[in-house]
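Read the structure below first, then the notes.
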Amino acid sequence: MKVSDDIKLFIRSIPNSYGQVFFSDQRLFALILMGITFFDLYAGMLGFLSVITTNLVGFLLGFDKKIISKGVFGFNSLLVGLGLGIYFKPDIQLILVIMMAAILTLLIAVSLQGVIGKYALPFLSIPFLLSIWIMTLSTREFAALGISERGIYTFNDLYTIGGDPLVRIYDWWNNLQLPRSLRIYFISLGAILFQYNLLSGIILSLGLLLFSRISFSLSLIGFYTAYLFYEILGANISELSYSYIGFNYILTSIAVGGFFIIPSRRSYLWVILLIPIVAMITISLSKVFAVFSLPVYSLPFNLVVLLFLYALKFRVNSSTTLSEVLIQHNSPEKNLYAFHNDVVRFRHHDKVNIKLPFLGTWTVSQAHNGEYTHKDEFRHAWDFVITDTESQQFMGSGDLLTDYYCYDKMVLAPADGTVEFVMDRIPDNIIGEVNLKDNWGNTVIVKHDDNLYTSLSHLKERSIKVKEGDLIKEGDEIGRCGNSGRSPYPHLHFQAQETPYIGSFTVEYPISYYINHHQKGFKLDSFAFPEIDDMISSIDRSDLLFNAFHFIPGKHYHFEVLKNGEKIESFWEINTDPYNNSYIRCHQSGAMAYFINDGNLMYFTHFTGNKKSLLYYFFLAAFQVQQGFYQDLIISDRYPLNLIFNQPLLGLQDLVAPFWKFLRSEFQCKYDWIDNDMSPSEIRLVSSATNSLAGKVLRRFDFSITVNDKGIHKLTVETEDLQLEATCIE
């Protein structure tokens, strides 16, 4: 990594260390937090010094610089620096102590990352707690350190920083007449940064509202749940107002309700259930720590959050209503919208793609919970045949095996795997007769993954091309369709199962992608279950579409753009990040559109950057594209709300998003035109993005994408205030 890159990462680590106190990576919010810490000038400076020391030592020791740049280690040291800086008089001895404390905090954080990180648990603010307790106890023997009296002379400190105007602002805000509970809420919020004044809490709450509406609402819910609990049980609320440890309830509610758990009705309910536990732990531990004259700080928050997150890992079945955050976006709203997007679009992303085991169009003669044989433990299976335009399975009288359209047709491997079992010696039955002794007939069983096998049965005698132990690829020929076993007429029996034995119980497992042929047209089904009488086929891939949307890393695109009469240019490049995620990057705007292409579908997963760039319009226009041309086929999808809508409308949606979504953004793509079915040189797709509020359309984008033998040729965009035409010239 270049020195300049290291410097950028180090600079980035400083504000991120402030933002991580509230699990945020938003720069503006971090700067607000940084400003609040300087309400006590010396404490702010010492907190800043602590962050610099920790991150610099982390870089020098060779720890992961990208992790350091996220502020993951620095925020604990910030809290240690602020805590010691508030308590002691500023002098050279204190600076030395704080630098040592910062190094200790870093070492504890890195060690905890290795110890509890292997359980996918965060170390939260435990490094801060251990470090500040150690330092507090040890500094009692340091005669050179004096107790700070700055809290007594706060106005003098403020006057030094900002003169008389700042003193007046501070005094006015702190003398606001507010309900007692709200006053305690604001001061408890500010106490997270060791600022025990009303103004700090008010500014922080506004910053929190700006950063995350969900976090803001959770902070109120958590605090007032605790406040009500104190009142109901007659606990001494003066303790809460005196030490302002109410931030334990605020942090717990944000962590459980929206940051480590996807925001939902269930997560909010668990906030309400857990807060009383935090309160009882806070009261009891305060008594214990009082023996050592130590503050309890954020220990209750750490204990309850870690216990809850750890306990969830022992659930037998995962839940979509109370789901842990797997990919952290450092924002409850982004976590929520990304999760809903993933649940709908990528819920089967980690599954093995099981394809149809044949070429051409076949008909489902018996589906799951079938009429004849697919019952009970064997209910998750399909029987496939080939039918003609009259829905007949055979020509002529149908008395001969060869009369049946599917007989002797190729049977293909539905996915990559290893051949586990082969039976190839059972004769085909005469039409109308069945072999009850060898029920499954000639069969091939393929292992695709742990606990995932597919079984293909009733194959033609001596037609099987593979043997046990063979490694096969999706689409390889396995054998031929026959009429062996319990089969009165030629058909292919296909099922998924968890064990490698013939006659194993079936499991419910979807077919990944296939085209459903209806009288009214074509339909793309993704990870679905074909039903009886469905006429289906695998995607017949068009080379023109495949090549156009096969974005290879390192490839460049140059567009000439006419946007509302103005001529501009746009340059794109295909790249992959360190996690092997592919994306298109626009050189002019820096925008990036992340995508996946599995050979059947190309679909976008995420977008960052300028929403007025050509790349953004392409992201909307080609949100999902299957790579076979079927005339008038329509594909539908939904966009993640946070990638489409802007503030303030999105902010209103954020507030109620865990409970209700009144915004909607829908994608549709129609396979509109092809110049030649047999040997095409140009294809046109038309698509749209429709944004609506409670069913009322707010805005609609209309797109067309033309591809030719050189790839993406032209993109047009039309809406009420935009006319755009982009032509790829390179």
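The values are calculated or read from the model by the stated rules, or taken from the named source; none is laboratory data. Please read these numbers as outputs of a predicted model, since none were measured by experiment. Glycine gets a Cβ as well: all are built from the backbone with ideal geometry, and neighbour counts include every protein chain shown. Surface areas here come from the heavy atoms of the whole protein model, side chains and all, with no ligands, DNA or RNA. Shrake-Rupley method; radii C 1.70, N 1.55, O 1.52, S 1.80 Å.
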Roughly how much of Leu112 is accessible, in Å² to the nearest 10, using a 1.4 Å probe? 30
Two pseudo-spin positions, 7 Å from Cα along C-beta at Glu231 and at Trp133, lie apart in nanometres by 3.3
Given the pairs Lys447/Lys523; Lys355/Lys460; Lys355/Lys467; Lys611/Lys696; Lys65/Lys334, which span a C-alpha to C-alpha distance of over 27 angstrom in this model? Lys447/Lys523
With a Förster distance of 35 angstrom and the Cβ-Cβ distance between Val656 and Val288, calculated FRET efficiency to the nearest 0.05 equals 0.30
Which number comes out as Rg/Rh for segment 552-621 once both Rg and the Kirkwood Rh are worked out on C-alpha atoms? 0.98
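For segment 571-712, report the translational diffusion coefficient in µm²/s to the nearest whole number, using Stokes-Einstein at 20 °C, 1.002 mPa s, and a Kirkwood Rh over Cα pairs. The partial results should precede the final answer.
Values: Rh = 16.5 Å.
Estimated diffusion coefficient is 130 µm²/s.
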Where the centroid of each part is defined by its Cα atoms, how far is segment 533-560 from segment 316-382 in Å? 24
Straight distance only, please: which aspartates and glutamates reach the Cα of Lys670 with their own Cα at less than 13 Å, same-chain residues fewer than 8 apart left out? Asp632, Asp637, Asp702
Could you list, bin by bin from short to long, the percent of Cα-Cα pairs of segment 634-730 in 10 Å steps? 14, 37, 28, 16, 6, 0
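When only C-alpha pairs under 8 Å and at least 6 residues apart count, what is the relative contact order of the chain, in percent? Can you show the working numbers first?
On the way: 1449 pairs, mean separation 54.2, N = 730.
Relative contact order here is 7 percent.
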Highest first, please rank the peptides 15-26, 566-577 by the mean number of other Cβ atoms sitting within 10 Å of their residues. 15-26, 566-577
Ranking Pro553, Ile539, Ile635 by how far each Cα lies towards the positive end of the charge dipole of segment 527-680 (+1 on Lys and Arg Cβ, -1 on Asp and Glu Cβ), the top one is Pro553
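I'm a student and want to see the number: the projected area of the Cα convex hull of segment 294-406, averaged over all directions, in nm².
That works out to 12.9 nm².
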Under 13 Å from the 7 Å Cα→Cβ point of Asp540, by amide nitrogen: which residues of segment 509-534? 515-517, 522
Among Gly207, Gly258, Ala621, flag the residue with its Cα farthest along the positive direction of the charge dipole of the chain, charges on Cβ as +1 for Lys/Arg and -1 for Asp/Glu. Gly207
Share of the chain's accessible area from carbon and sulfur, percent, 1.4 Å? 57
Indicate the helices, whole DSSP H runs only, in the chain that combine a mean Kyte-Doolittle hydropathy of 1.0 or more with a Cα extent along their long axis of 24 angstrom or more. 41-60, 92-115, 213-233, 265-290
Rounded to a whole number, what is D in µm²/s for segment 493-643 from Stokes-Einstein with the Kirkwood radius over alpha-carbon pairs (20 °C, 1.002 mPa s)? 119
Write down, largest first, the equivalent ellipsoid semi-axes of segment 391-445 in whole Å, where each equals the square root of 5 times an eigenvalue of the alpha-carbon gyration tensor. 25, 17, 8
Can you tell me the convex hull volume per residue for segment 583-626, based on C-alpha atoms, in Å³ to the nearest whole number? 54
Given the convex hull over the Cα atoms of segment 251-354, what projected area results after averaging over all orientations, in nm²? 8.0
Largest-first ordering by accessible area, 1.4 Å probe, given options Lys313, Lys8: Lys8, Lys313
Using only alpha carbons, build the gyration tensor for segment 77-144 and give me the equivalent ellipsoid semi-axes, biggest first, whole Å. 26, 10, 9
Return the aspartates and glutamates within reach of Lys66: Cα separation strictly under 15 angstrom, same-chain partners fewer than 8 residues apart disregarded; answer none if there are no such residues. Asp5, Asp6, Asp25, Asp577
Across 5 Å bins from the origin, how do the percents of Cα pairs in segment 411-509 run, short distances first? 3, 16, 26, 25, 18, 9, 3, 0
In debye, nearest 20: dipole of the chain around its Cα centre with unit charges on the Cβ of K, R (+) and D, E (-)? 2700
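Note the direction-averaged projected area, equal to a quarter of the hull surface, for the Cα convex hull of the chain, in nm².
On the way: hull surface 158.3 nm².
Quarter of the Cα hull surface area: 39.6 nm².
When only Cα pairs under 8 Å and 6 or more residues apart are kept, what is the percent relative contact order across segment 437-547? Could you put the intermediate results ahead of the total?
Details: 189 pairs, mean separation 23.8, N = 111.
Reported as a whole number, the value is 21 percent.
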